Amino acid sequence: MGGIHIDFNEFKWSLRAAYAVFIRDLLVFRKDLRGNLMRILGQPLFFLIVFGLLLPQLDVFMVDYIEILVPGIIAMTAMLGAMRSVGGEIGISFDHDQEIRAHILLPLTMASLALEKIIYGMFQGVFSGLAVLVLAVFLFPETFTLTVTSLVVLLIIFMATGIIFGAMGLGIGSYFKPPEIMFEVMFLITMPMMFLGATFYPVDMIKEISIVLYYFTFAIPLTYVSESIRVFIAPETAGLSLLACIIGLVVSILVFIPIGIWGFKERAIK
């Protein structure tokens, strides 16, 4: 009788090899921890200081605008951390060094190696999101308070964010070449998401200005990250329900993981 045959021994070795590559990626990240922290926290720090502290004191912005801004800045940083780390590494590795080629020769499937890169993107999303969250709580201790439950849920949201944008970065880094073109494409994709992904305003507020832009916002994965973070650290400002955010995050994961794996496999085979 025919059927699906699974070589469990090959599967075991594939997992071990993928785990070894992941540990290696973590060691490289730790080796340049200071530089990574500067890269992750530099832009958010200026956003929070200028829009959260300086402009409200100058009566340019509302004092409570920080409750709207912080969740968006956290979401944006987690997105960029995952996408840039995975996409940049893949794009440069394929073109300028033999690192990714050495990984391809390991006893693991291309799908396993692609999943390892997405998991590394998940780590970057969690690390980046937590770093800015800690910074925000430090700068605005009277505005944001965290419970154990909310912190656990936020970790899950950061994990989902890293998976979505790690997979997106994997697809972009694999498909577009040379790296100069890849970074241009990544910029063209991230800029609309950064400003239209409910980062600087709750999604329901844009409905009064433009119904077209309102519905377009729902096509941006970052929207569901920003709004889900608002649900847990500033619920009165959230424009979407938690259920809508969960649906958006799950759909984004189901869409972008196959795209990222397919793009990586195609580039690796060529």
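The values are calculated or read from the model by the stated rules, or taken from the named source; none is laboratory data. Values in this document were obtained by computation on a predicted structure and should not be read as measured data. As a convention, Cβ positions derive from the backbone with ideal geometry for all residues, glycine included, and neighbour counts pool all protein chains shown. Surface accessibility is based on the protein's heavy atoms, side chains included, excluding ligands, DNA and RNA. Shrake-Rupley method; radii C 1.70, N 1.55, O 1.52, S 1.80 Å.
A few notes on this one:
- The HN-Hα couplings worked out from phi for region 29-41 by the Karplus form 6.51 cos²θ - 1.76 cosθ + 1.60 (θ = phi - 60°) are 4, 5, 4, 10, 4, 4, x, 5, 5, 5, 5, 6, 9 Hz, whole numbers, x standing for Gly and Pro.
- Accessible area per residue for the chain is 51 Å², calculated with a 1.4 Å probe on protein heavy atoms, without ligands, DNA or RNA.
- For peptides 35-42, 219-226, 72-79, 109-116, sequence by mean Cβ density within 10 Å, most packed first: 72-79, 219-226, 109-116, 35-42
- Computed from the alpha carbon positions, the gyration tensor of the chain leads to an equivalent ellipsoid with semi-axes of 35, 20, 18 Å, biggest first.
- With the convex hull of the Cα atoms taken as the outline of region 203-270, the averaged projected area works out to 5.7 nm².
- Ligands, DNA and RNA excluded, the heavy atoms of ILE49 present near 70 Å² of accessible surface to a 1.4 Å solvent probe.
- Helical content of the chain, expressed as a calculated mean residue ellipticity at 222 nm, amounts to -25500 deg cm²/dmol (DSSP H runs of 4 or more residues, -39,500 (n - 2.57) each, divided by residue number, nearest 500).
- Stokes-Einstein D (µm²/s) once Rh is taken as the Kirkwood radius of region 111-215 over alpha-carbon pairs, at 4 °C in 1.567 mPa s: 81 µm²/s
- In this structure LYS177 has an accessible area near 120 Å², from a 1.4 Å probe over the protein heavy atoms.
- Accessible surface of the chain [probe 1.4 Å, protein heavy atoms]: carbon and sulfur percent: 71 percent
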